[in-house]
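First comes the structure, then the notes that go with it.
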Amino acid sequence: MAPEKKNSFLGEFKTFIARGNVMDMAVGVIVGGAFSNITTSLINDIVMPFLGIFTGSMSFANLEVNIGPAVITYGNFIQAVLNFLVMAFVVFCLVRAINRLHRKKEEPAAPPPPPEPSSEEKLLTEIRDLLKARE
C-alpha cells in the first residue's frame, strides 16, 4: 500500500482562503477597523467634551501621577476603557438587532388549521359512532 498523498501547503492554504467564512472574516476586520475610527471620533469629539463639563477637562489623557521618575498616565487607560465600552455597546446593539431580524425570518408561519370535514365525512363519523354504540 502506498501512503496517501497529502495536499501541499499551498493547496491547503488555497482551500482555506476560498472558504466563505474566511472572506466574511476579512471583510469584518476591515469594516471593524473603520468602525474603530468612528468610535474613537465619537469618544474624542462628542463624549469627552460632554464629560469635560463635569470634570473640568476635555480629555482624560492629561490625568497622570508621578511616582519618583515614573509617570503613570492613568488617563490614557480610562480613555481606552471608555472607547472599549462604547464600541462593545454599539456592537452589542448591532448583534441584537441582527439576531432579531434572523429570528423573525426563521419563525415558521403557523400551519393553517385543518380543513373542516365535509358533510360526507361528518355523516360517516356519525354512522361509525352509532355502530360502536350498538356493540
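For this structure, a couple of remarks:
- Projecting the Cα atoms of Ser36, Leu123, Leu94 onto the charge dipole of the chain (Cβ charges, centred on the Cα centre) puts Ser36 farthest toward the positive pole.
- Protein accessible area in the chain, 1.4 Å probe - carbon and sulfur %: 67
- Summed over qualifying helices (DSSP H, 4 residues or more, each -39500 (n - 2.57)) and divided by its residue number, the chain shows a 222 nm mean residue ellipticity of -22500 deg cm²/dmol.
- The C-alpha atoms of the chain define a longest principal axis, and helix 20-42 lies at about 50 degrees to it.
- Between the helical axis of 119-134 and the longest alpha-carbon principal axis of the chain there is an angle of about 70 degrees.
- Stokes-Einstein diffusion coefficient of the range 15-135, Kirkwood radius over Cα pairs, 25 °C, 0.890 mPa s, in µm²/s: 116
- For the chain, the solvent-accessible area with a 1.4 angstrom probe is 89 square angstrom per residue.
- Lys/Arg +1, Asp/Glu -1 at C-beta; the chain dipole; positive extreme among Val65, Phe16, Phe77: Phe16
The values are calculated or read from the model by the stated rules, or taken from the named source; none is laboratory data. Source: prediction; values computed, not measured. Note that each Cβ is placed from the backbone with ideal geometry, even for glycine, and that neighbours are counted across all protein chains shown. Surface areas here come from the heavy atoms of the whole protein model, side chains and all, with no ligands, DNA or RNA. Shrake-Rupley method; radii C 1.70, N 1.55, O 1.52, S 1.80 Å.
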